[in-house]
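The values are calculated or read from the model by the stated rules, or taken from the named source; none is laboratory data. Quick caveat: nothing in here was measured; it's all calculated off a predicted structure. Don't worry about glycine lacking a Cβ; one is built from the backbone with ideal geometry, like all the others, and counts go over all protein chains shown. SASA here: full protein model, heavy atoms, side chains in, ligands and nucleic acids out. Shrake-Rupley method; radii C 1.70, N 1.55, O 1.52, S 1.80 Å.
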Amino acid sequence: MKKIELKIKGMHCQSCVTLIDKTLKKHGGVLNSNVNLATERATVEYDENKTNTDEIIKIIESRGYKSHLPASDRADERIEKQKEINRLRNLLVLSAVLAIPIMIFSMVFPGALPYQNYIIMVMATIVQFVVGFRFYKAAWSALKNKSSNMDTLIAMGTSAAYFYSVFLVFFGTGGHHYFEASSMLITLVMVGKYLEAKAMGRTNEAIKKLIKLSPKTATVVRDGKEMTINVDDVKTGDKILVKPGEKIPVDGVIIEGNSSVDESMVTGESIPVEKNKGDTVISATINSHGSFTFKATKVGEETTISRIIKLIEDAQGSKAPIQRFADKISSYFVPAVLLIALITFISWLFLFSAGFSFSLVAAVAVLVIACPCALGLATPTAIMVGTGKGAENGILIKGGEALETSHKIKHVIFDKTGTLTHGKPELTDIVSIKVPDDEVLEIAASIEKRSEHPLADAIVKRATEKNIKLKDVKEFKALSGLGVTGEISGKQYLLGNIKLMKEKGIKTSDIVEKVESLEDQGKTVMILSEKHQAIGIVAVADTIKETSKDAVKMLHDLGIKTYMITGDNKRAANAIAKEVGIDESFAEVMPKDKAEYVKKLQKNGDAVAMIGDGINDSPAIAQADVGIAMGSGTDVAMETGNIVLMKNDLLDIPKAIKLSKMTMAKIKQNMFWALFYNVVGIPIAAGILYPFTGWLLSPVIAGGAMALSSVSVVINSLHLKTKKLKI
């Protein structure tokens with residue numbers, strides 16, 4: 001299976017999206033497709049043995065649209081988008097210059113000029129077929145595909161008014177022509193298109209800011225010489241010199257020097273981070289003071305900034321489940337409007353004998369007031385702004401589904417180590433039983449040096465500080481969720497929890513009280529045994545993050561129940577949970593069993609979020625309705641979970657949930673107004689109020705309302721940018 005992203009030009013409303021989506025899914029080799037009106041992109045998954053990219057592009061183009069792979073340089077896309085906005089502006093100016101005089105002379109000064117009707121007709125013809133050509137072209141493409149779209153409604157409505165007016169001019173029946181209606185309709189639609197394009201540009205500001213941050217050049221050191229090269233020419237392994245105030249061009253590891261780096265553009269954290277030899281640096285972050293040299297580890301599309309941009313683009317192009325509702329309505333929308341317009345015309349003309357002109361005006365008003373665009377833009381624009389706002393605050397949301405589901409979260413499960421705690425435990429106690437303290441530490445550190453567990457580092461670190469020489473270990477083995485074992489000088493040692501001791505038949509009755517006392521303090525206790533007896537105890541404590549308590553309290557304020565899951569024993573787990581304010585803790589849980597606890601909470605149908613470091617928690621994160629990965633742009637954090645917290649800050653969890661709630665509120669507002677507008681506007685345009693008020697909606701007013709409806713949806717979504725995420 002292969003996944004590609006394609007740029008699509010020529011989509012005008014949700015009907016276009018539905019047509020392309022259905023066409024792609026009917027093709028045998030296409031497994032899945034997601035077409036997005038707001039981003040003008042399609043994500044297509046296909047079987048490489050049955051089809052290819054060129055064939056998929058041909059399928060899209062066979063429907064009358066233009067398609068191609070996105071430009072490798074995002075700046076080129078921005079230039080192309082600006083050109084499109086400029087084209088819309090020029091057409092709008094031409095249309096307005098002609099339509100406004102047409103309306104003034106038709107309605108205020110009729111007959112003021114010789115051959116006035118002919119002059120107006122020529123001007124209206126330019127508007128109709130030069131400015132309005134785009135609508136005819138799109139309507140014709142839809143017709144060839146046995147479908148219809150918004151352009152069908154505009155083309156039919158304006159053509160009816162235009163050609164009826166031409167008939168009146170040439171055959172002089174004395175009726176009032178409607179050139180001003182057709183011209184102003186096209187002008188107002190162009191106003192809407194232009195404003196919509198401008199506003200849509202603002203929804204992508206988060207990506208634009210990140211793109212602008214990316215440096216263009218880098219100072220590399222090759223063969224002992226410094227040279228400035230294009231950042232695209234940097235290779236993995238290059239040594240790069242960064243001076244004060246310069247941007248870091250690619251990801252890497254410092255090999256010489258030190259400084260503090262402003263990483264706010266990536267993590268959202270305003271305080272500069274101290275960087276020394278061995279520390280990682282992230283592309284596009286800013287060196288505050290001091291110079292350093294680093295080795296490039298990731299370049300091009302692999303850099304953190306590039307991957308973040310790609311992640312945001314993918315999220316903005318994805319669909320939220322609620323979008324299916326709009327898709328379903330849109331598939332029936334235009335045919336239904338065409339039918340209503342026909343019924344309106346026939347009813348007024350034959351049932352109510354209102355006359356041809358009156359019936360035509362009512363039918364045209366129905367055609368032009370209907371707006372499937374508002375429905376099509378309701379969800380994607382809000383998702384684009386919501387995910388962009390999240391990124392600006394160091395919260396990367398990987399798709400519309402995660403953004404939608406987050407507002408329904410009822411249970412949050414925290415992994416303990418590295419999530420609620422700093423993940424950098426310290427050795428706090430050494431208890432000798434059969435051998436001296438230093439020997440307990442020497443044996444424990446020698447075995448743990450082979451381990452990758454965070455607790456092992458604390459033991460090894462203390463031995464290093466005391467200048468204890470570690471011994472060679474043979475037959476080392478890590479026992480998941482229990483401890484470690486190894487052979488030193490022919491003797492077999494075990495280091496682990498009481499559960500391990502019981503499994504191996506080690507007597508612990510005489511040390512249980514001491515172990516429980518340490519565990520009651522929230523410490524993780526490891527027993528060291530040799531043969532069938534315990535010879536010492538070591539206790540390690542992991543400090544709780546400063547924000548853990550506040551984050552848990554904020555989640556409680558949102559009505560969310562909290563849990564902690566850990567491999568620690570029950571006493572240690574309960575002590576940590578009590579200190580943080582967690583509702584319930586799951587202790588002595590093996591990494592492979594964490595997902596089962598997620599499933600248990602999901603049984604009632606409630607949405608469950610799992611927060612972990614993205615490594616040993618990955619099965620549980622994948623099982624959860626919303627998986628949240630901690631990490632400052634690390635590989636694992638970028639690839640695991642639906643949401644990535646770039647700042648490693650637990651306070652961002654309630655912020656992410658609040659952002660989800662705000663975004664969903666905007667989507668629902670957009671959908672309500674889009675549906676309300678059409679449900680109310682179409683009957684009024686059809687003349688339902690005329691028998692009671694004598695008022696018939698002008699097609700010009702109907703056209704203006706239609707143009708403003710889609711613009712209002714985009715503006716409402718943009719209002720998200722002004723909202724505060726602070727709880």
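Can you spot the aspartates and glutamates whose alpha carbon is less than 12 Å from LYS666's alpha carbon? Ignore those fewer than 8 places along the same chain.
Leaving aside aspartates and glutamates fewer than 8 places away in the same chain, those within reach of LYS666 are GLU404.
Once you wrap a convex hull around the alpha carbon atoms of the range 54-184, what is its projected area averaged over all directions, in nm²? Don't skip to the answer; put the middle values down first.
Details: hull surface 39.8 nm².
Average projection, Cα convex hull of the range 54-184: 10.0 nm².
So which GluC sites (Glu not before Pro) in the range 1-96 end up in coil per DSSP with only 13 or fewer other C-beta atoms within 10 Å?
GLU48
Cut-off 11 Å, label point 7 angstrom out along Cα-to-Cβ of PHE352: give me the residues of the range 690-727 whose amide nitrogen falls inside.
690-697, by backbone N distance to the label point.
Collect residues whose amide H, placed 1.01 Å from N in the peptide plane, falls under 5 Å from the amide H of ARG41; neighbours closer than 5 in sequence don't count.
Under 5 Å from the amide H of ARG41: ILE8, ASN36.
In deg cm²/dmol and to the nearest 500, what is the mean residue ellipticity at 222 nm of the chain if only DSSP H runs of at least 4 residues count, each as -39500 (n - 2.57), divided by the residue total?
After summing the helix terms and dividing by residue count, I get -15500 deg cm²/dmol.
How long are the semi-axes of the equivalent ellipsoid of the range 454-541, taking √(5λ) for every eigenvalue λ of the Cα gyration tensor, in whole Å from largest down?
Details: eigenvalues 81, 62, 27 Å².
Taking √(5λ) for each eigenvalue gives 20, 18, 12 Å, largest first.
Taking 27 Å as the cut-off for C-alpha to C-alpha distance, list the pairs among LYS137/LYS198; LYS66/LYS389; LYS449/LYS504; LYS235/LYS277 that go past it.
Exceeds cut-off: LYS66/LYS389.
For the residue pair GLU475 and TRP140, what label-to-label distance in nm results when each label sits 7 Å from Cα along the Cα-to-beta-carbon direction?
8.4
Rounded to the nearest 10 Å², what accessible area does TRP673 have for a 1.4 Å probe in the complete protein model?
The accessible area comes out at roughly 150 Å².
If I model a spin label at LYS22 and LYS491 as a point 7 Å from the Cα along the Cα→Cβ vector, what separation in nanometres do I get?
Each label point lies 7 Å from its Cα, and together they span 7.9 nm.
Roughly to the nearest percent, how much of the accessible area of the range 259-361 is carbon and sulfur, given a 1.4 Å probe?
Of the solvent-accessible surface of the range 259-361, carbon and sulfur hold 64 percent.
What per residue convex hull volume, in Å³, comes out for the range 370-492 when only alpha-carbon positions are used?
So the per-residue hull volume is 173 Å³.
Quick one: ranking ARG571, ARG450, ARG307, ARG324 by accessible area, 1.4 Å probe, largest first, what do you get?
Correct descending sequence by accessible area is ARG324, ARG450, ARG571, ARG307.
Each residue of the range 443-450 in turn: what ³J(HN,Hα) in whole Hz from Karplus with 6.51, -1.76, 1.60 and θ = phi - 60°, glycine and Pro shown as x?
Per residue, the Karplus-derived 3J(HN,Hα) values read 5, 4, 5, 4, 6, 5, 4, 7 Hz.
Report, in whole Å, the centroid distance computed from the Cα atoms of the range 210-226 and the range 702-725.
41
Mind giving me the FRET efficiency for ASP510 and LYS549? R0 is 51 Å, r the Cβ-Cβ distance, nearest 0.05 is fine. Write out the running numbers ahead of the final one.
Details: r = 37 Å, r/R0 = 0.72.
Given R0 = 51 Å and the Cβ-Cβ separation, E is 0.85.
Between the range 322-376 and the range 7-35, what is the C-alpha centre distance in whole Å?
Cα centroid of the range 322-376 versus Cα centroid of the range 7-35: 25 Å apart.
If every alpha-carbon in the range 253-399 counts as one equal scatterer, what log10 I(q)/I(0) does Debye give at q = 0.11, 0.13, 0.21 1/Å?
The calculated log intensity ratios at q = 0.11, 0.13, 0.21 Å⁻¹ are -0.64, -0.75, -1.18.
Given a 1.4 Å probe and heavy atoms of the protein chains only, how would you sort HIS68, HIS411, largest accessible area at the top?
Details: HIS68 85, HIS411 25 Å².
I get HIS68, HIS411, largest accessible area first.
Can you tell me, using C-alpha contacts under 8 Å and at least 6 residues apart, the relative contact order of the range 51-145 as a whole percent?
Across the range 51-145, relative contact order equals 34 percent.
Select one label from (1) 28.1, 92; (2) 33.4, 118; (3) 32.0, 131: the one whose number is Rg and Dmax of the Cα atoms in Å as derived from the coordinates shown.
The listed entry that was calculated here is (2).
Assuming 0.36 nm per residue, please report the length gained on full extension of the stretch VAL130 to PHE676 beyond their Cα-Cα distance.
Numbers: separation 546, 0.36 × 546 = 196.56 nm, distance 3.32 nm.
Separation in residues times 0.36 nm, less the Cα-Cα distance, equals 193.2 nm.
Send over the per residue convex hull volume for the range 143-184, Cα only, as a whole number of Å³. If you can, show how the numbers build up before the last one.
Working: hull volume 3.1 nm³, N = 42.
In the range 143-184, the Cα hull volume divided by residue count equals 73 Å³.
Normalised by the number of residues in the chain, what is the relative contact order in percent for Cα pairs under 8 Å and 6+ residues apart?
Relative contact order here is 13 percent.
Taking the alpha-carbon distance from LYS58 and a cut-off under 15 Å, which aspartates and glutamates remain once sequence neighbours fewer than 8 residues away in the same chain are dropped?
LYS58 reaches GLU5, ASP21.
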